[in-house]
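Encoded as structure tokens, the structure appears first; notes follow it.
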Amino acid sequence: MSLGRSGKSSPRTTALPDAAPGTARPRELFADFGTSGACFPEGALWARATMTTEQDRAPPSAGHSQASTLGSAVFLSYASEDVAAAERIATALRTAGIEVWFDKSELRGGDAWDQKIRRELSDCALFMPVISANTAARHEGYFRLEWDLADQRTHMIARNRAFVVPVSVDATLENSADTPESFQRVQWTRLSGGETPAVFVERIQRLLSGEATSASKGGFTPGSAIASAVPRPRGRIRQRTGVLYAVVAVAAVVAFGYFAFERLYPSKSSAPVAAASIAVLPLANESGEASQQYFSDGISEDLITALGQFPGLKVIGRTSAFQFRDSKEDSRSIGSKLGVAHLLEGSVRKSGDLIRVSAELVDTADGSMQWSEHYDRPYKDLFALQDDITRAVAGALLTKLLPRKHAAEQSDRPPGGSLDAYNARLQGRFYLLRQTEADFRKAIEFYTEATQLDPRYALARSGLSRAWTELGVEFLVGSSAQDAYAKGRAAADRALALSPGLAGAHLARGDLLQFADFDWRGAEAEYRRALVLAPNDGDAKFSVGYGLATFGELEPAIELTRQALATEPLRADWYAWLADYLAGLNRIDEAKRAIRRAIELQPAAVSYHTTLTVIEIQSGHAQAALAAAQQEPPGYWQDSALALARQIGRHRATADAALTALIDKDANIFAYGVAEVYALRNDPKATFEWLDRAWSNRDGGIQFLLYDPFILRYKDDPRFAAFCRKVGLPTPAEVGRRT
């Protein structure tokens with residue numbers, strides 16, 4: 001069963017999870033890097049950004065000037081209760097080639113100690129207070145003297161220079177930490193338990209080298225203590241978007257908080273793209289099991305749709321963003337290819353009943369981290385945490401970025417709160433996108449499980465409908481296909497009964513009406529409703545465009561498809577559809593560019609070289625048409641492409657043989673393709689006979705009727721108008737005059 005030259009019905013994104021605003025102040029956002037723990041008494045550590053010998057590691061003797069040797073040092077100040085976390089930080093710095101000095105025997109009070117601390121604080125380049133519930137609970141301690149001395153020194157340092165780099169090793173927030181005022185003016189970094197990633201050490205090195213400056217809170221980025229100055233190479237070490245369901249909304253809101261600040265305080269080095277634009281890259285699955293990839297992919301996809309429901313924010317879709325899984329390209333390169341100013345990345349690790357999630361927001365102009373957060377949460381508390389974390393992180397920021405009124409609220413949360421149902425839906429989505437018969441059937445199993453676990457789960461029923469519809473369209477015929485459509489219809493109807501405002505449910509029903517029922521008007525109505533509910537959704541825009549093209553309204557179809565491609569700039573199949581629409585208007589050069597882009601993105605995809613074949617035939621390039629046809633992967637698409645290309649060659653016998661081969665091999669599934677060949681041969685009688693046969697077979701190629709350059713040769717033939725009316729489409733004279 002053919003759907004036309006450009007292949008299958010397009011996959012849909014089906015959910016737009018709600019990301020409700022919270023109430024936290026911007027400065028209560030942290031960069032969050034991990035958990036762990038280690039062993040020395042209360043005091044200070046020195047760190048120098050130089051490679052040294054063991055002799056160099058001896059502590060400086062009293063009276064020795066430190067100005068020359070410690071001018072690039074970090075003073076690490078901590079309470080005795082936090083010695084384990086402090087040692088972990090020190091070890092990470094030392095491992096990276098930064099020397100760390102401390103001497104337990106000298107960590108004592110008295111005038112000598114007081115003078116030593118004052119001298120060291122006057123010479124250090126960075127002061128790193130280790131903040132925790134322990135420091136908040138203690139009203140006295142040497143660390144408080146160190147903090148006060150550091151605070152005094154800030155008054156002699158330019159505000160655009162980094163000096164204080166606060167680190168929180170637990171969940172302690174600034175408003176409860178009891179720290180000096182200067183600590184409150186800069187971003188804090190969370191290194192849970194002292195676990196210190198390479199990215200943090202790298203930024204300390206850059207601060208010490210003078211490459212980066214202070215990350216003040218007044219209009220900088222919520223949550224990031226330090227911003228690097230150059231794009232970083234991408235690989236396994238660079239973690240991808242990590243947001244387990246409860247954290248999906250958190251990361252979305254925090255990202256919005258950053259955008260809100262950037263609008264108020266725009267960066268001088270912004271990339272030449274819209275500031276309010278973002279791509280969510282596939283989060284890294286760090287569970288140690290490949291079978292858990294569905295889970296990490298599903299969470300990343302949820303974040304895309306959560307961000308995508310807000311007007312004014314350009315969000316790149318899944319297909320384009322996921323092409324950069326495990327990419328070695330740097331942030332600037334990816335941002336340029338996707339046309340975005342920001343990337344959201346991270347990782348997720350699921351271990352038993354514990355979920356570890358990391359996320360970071362990166363500026364593609366310079367690769368700097370603008371925000372970072374890390375969570376460890378019990379899996380069972382996932383949904384309950386969503387609202388709590390959202391309120392605690394960044395509520396007020398959201399209102400600064402976007403209008404208060406936005407699209408209909410969409411959510412992928414199971415109404416009954418079942419984590420098992422949510423997990424089953426993610427697995428269903430994972431298999432659905434793989435697009436093989438076996439995977440469609442696997443998707444059906446998981447979607448069915450999700451609906452059994454929560455019978456009111458409308459989004460899972462929408463996915464179930466899509467799986468049945470695509471299975472029937474792509475792989476089944478006769479009664480088996482009709483049975484699949486009936487099950488898909490029941491699932492879509494139930495989804496809409498449960499959640500009439502769910503955009504994904506309207507898209508699912510639209511696909512069923514378009515590809516199974518050939519109810520063009522009904523499908524268009526469903527697609528339009530989905531777009532009203534989710535105005536930023538690229539799939540909804542593409543679907544409305546597809547529906548309009550079916551009615552011959554190509555100009556608005558082209559515009560909507562281009563809008564969809566703005567959200568999915570690497571979506572090869574949409575470029576192929578765009579090429580078809582442009583070819584239908586005889587805009588050959590544009591059509592050729594579009595299909596070549598599709599081929600560039602997905603060289604081995606079926607149907608794309610067939611589309612190029614058609615365009616070369618329109619151009620009168622017989623040899624180029626044949627060359628394109630020969631590059632089409634084997635199958636009925638290649639049979640069709642070769643039959644078409646041979647018709648404009650010099651050898652009639654070869655052309656006849658190619659047509660005969662197409663009929664012998666593919667007539668039962670590709671009658672519309674045979675009609676196209678006869679149209680190219682200028683045989684109207686055979687053309688309309690095969691069109692009737694295509695309609696009897698419910699051949700999906702019928703949807704190309706009003707923009708097929710070969711069939712439209714007969715648009716003035718009375719038989720063409722009669723056929724249009726039979727299949728429920730307007731005649732060429734009626735195109736554009738629908739009510």
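Per-structure values
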read-out: Computed lengthening from Glu600 to Glu555, 0.36 nm per intervening residue step minus Cα-Cα distance; value: 13.7 nm
read-out: Under 5 Å, built H, 5+ apart or other chain: amide partners of Ser168; value: Ile131, Thr189, Arg190, Leu191
read-out: Fewest-first ranking of Ile711, Ile117, Ile669, Ile702, using other Cβ atoms within 10 Å as the exposure measure; value: Ile669, Ile117, Ile711, Ile702
read-out: Label point 7 Å beyond Cα of Gln482 along Cβ direction - residues of the stretch 508-526 with amide nitrogen under 15 Å; value: 516-518
read-out: Spin-label pair Glu202/Ala84, simplified geometry with 7 Å Cα→Cβ offset, distance in nm; value: 2.9 nm
read-out: Amide H contacts of Ile355 (H built 1.01 Å from N, under 5 Å, at least 5 apart or other chain); value: Arg377, Tyr379
read-out: Neighbour-count order for Cys724, Cys124, fewest beta carbons within 10 angstrom listed first; value: Cys724, Cys124
read-out: Which listed pairs, of Lys314/Lys541; Lys314/Lys337; Lys442/Lys665, have C-alpha distances above 18 Å, in listed order; value: Lys442/Lys665
read-out: 5 angstrom amide H check on Phe127, placed H, neighbours 5+ away; value: Phe75, Val164, Val165
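Where a number appears in this text, it was derived from the coordinates with a stated rule and is not lab data. As the structure is a prediction and not an experimental result, all values here were calculated from the model. A quick note on method: Cβ atoms are made from the backbone with ideal geometry, for glycine too, and the neighbour counts reach across all protein chains shown.
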